[in-house]
Amino acid sequence: MFQNTRYILRLTLLILLTALFSTAVIVAQDDSEEEEEGDHAIHWSYAGEEGPDHWGAMTPDFTQCLEGTAQSPIDVTGAVALNLTDIGFDYMDTALHIFNNGHTIQVNADEGSAITYNEITYNLLQFHFHHPSEHTVNGEAAPMEIHFVHQDPNSGNLAVVGVMLTESDADNEAYAAIFDHLPAEISEATASDLVISLDALLPEDRTYFTYQGSLTTPPCSEIVRWLLLENPVELSAEQIAAFGEIFEANARPVQPLNNRDLFIDSNE
Ligand SMILES: [Zn+2]
């Protein structure tokens, strides 16, 4: 009888620990803004054995990377023109909480910035960079792409605004504070006295392409409304090179569109 009780106690403890662990994993996943892996024990990268071709087989959590049919990025080509609703940008200034998460340089936004799209408000969580661009246009990649990651607090779904960053002669002053403070080593988001204007990071013309897709990093969840601005923002060759020295290549290859809609705002 006594042994039996101990057995039950042990079993209960085991079940409790399992539940606790699962909750921790779920919380970590919920917390995952685009670039954080749900399980930090799983190491993934952009090349070799841990590269994009292998993500889907690394853990059951990442199977969408392999088996998903609405994955991102894509090659943007043959978009159907449609009179789309505008993206309502409501961007504030933010302190520069910049860090290197091992996969990209990310800036966490202060609370208060958001976009409204099809009557849903998505709060801006963070933005980060890819080098070269992840999306291609008619098969062509840009030197870099920036992703502004927003979340609908009710559904948890994401809306990501992507902007191509192309090369010009002059430094882009709106991006200067970011590119002057790129952390070369893995780091934590820290408090900062530097303030940047989020709105100034966008091009003036906000015509966009849109399609339904996924995170471009594990676990590749298919929860993203992609809003890709047609017009790029220009950076200097030096600014692009500064990022390239830290992340030579952090872009997932393009994925098949399959039977998804790809629209461009016809601006009517
Ligand atoms: Zn991204």
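The values are calculated or read from the model by the stated rules, or taken from the named source; none is laboratory data. Owing to the predicted nature of the structure, the values given are computational and were not obtained by experimental measurement. Because the Cβ atoms are built from the backbone with ideal geometry, glycine has one as well, and the counts that use them run over all protein chains shown.
Below are the figures for this structure:
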{"read-out": "Single residue of PHE127, PHE148 found to be free of Cβ contacts under 8 Å to residues at least 60 places away in the same chain and within 11 Å of the ligand (Cβ to nearest atom)", "value": "PHE148"}
{"read-out": "Tally, over the stretch 52-69, of residues that are closer than 28 Å to PHE263 by Cβ, touching a helix residue (DSSP H, G or I) at 6+ places or on another chain (Cβ under 9 Å) and outside any helix (DSSP H, G or I)", "value": "2"}
{"read-out": "Any hit, the stretch 223-230, residues being part of a strand (DSSP E or B), in contact with a Leu (Cβ under 6 Å, 6 or more places away or on another chain) and over 25 Å from GLY68 (Cα atoms)", "value": "no"}
{"read-out": "Residue that is nearest to the ligand (Cβ to nearest atom), among those in the stretch 188-211 that are exposed (fewer than 15 other Cβ atoms within 10 Å of the Cβ) and part of a strand (DSSP E or B)", "value": "SER197"}
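Quick grid of which residues meet (1) modelled with pLDDT of 95 or more; (2) of a type outside the set (A, V, I, L, M, F, W, C); (3) at positive phi:
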| position | (1), (2), (3) |
| --- | --- |
| THR190 | no, yes, no |
| ASP193 | no, yes, no |
| SER197 | yes, yes, no |
| ASP205 | yes, yes, no |
| PHE209 | yes, no, no |
| CYS220 | yes, no, yes |
| LEU235 | yes, no, no |
| ALA241 | yes, no, no |
| ILE246 | yes, no, no |
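Yes/no per residue for (1) modelled with pLDDT under 95; (2) under 12 Å from THR217 (Cα atoms); (3) charged (D, E, K, R):
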position	(1), (2), (3)
GLU33	yes, yes, yes
ASP39	yes, no, yes
SER45	no, yes, no
MET58	no, no, no
GLU67	no, no, yes
SER72	no, yes, no
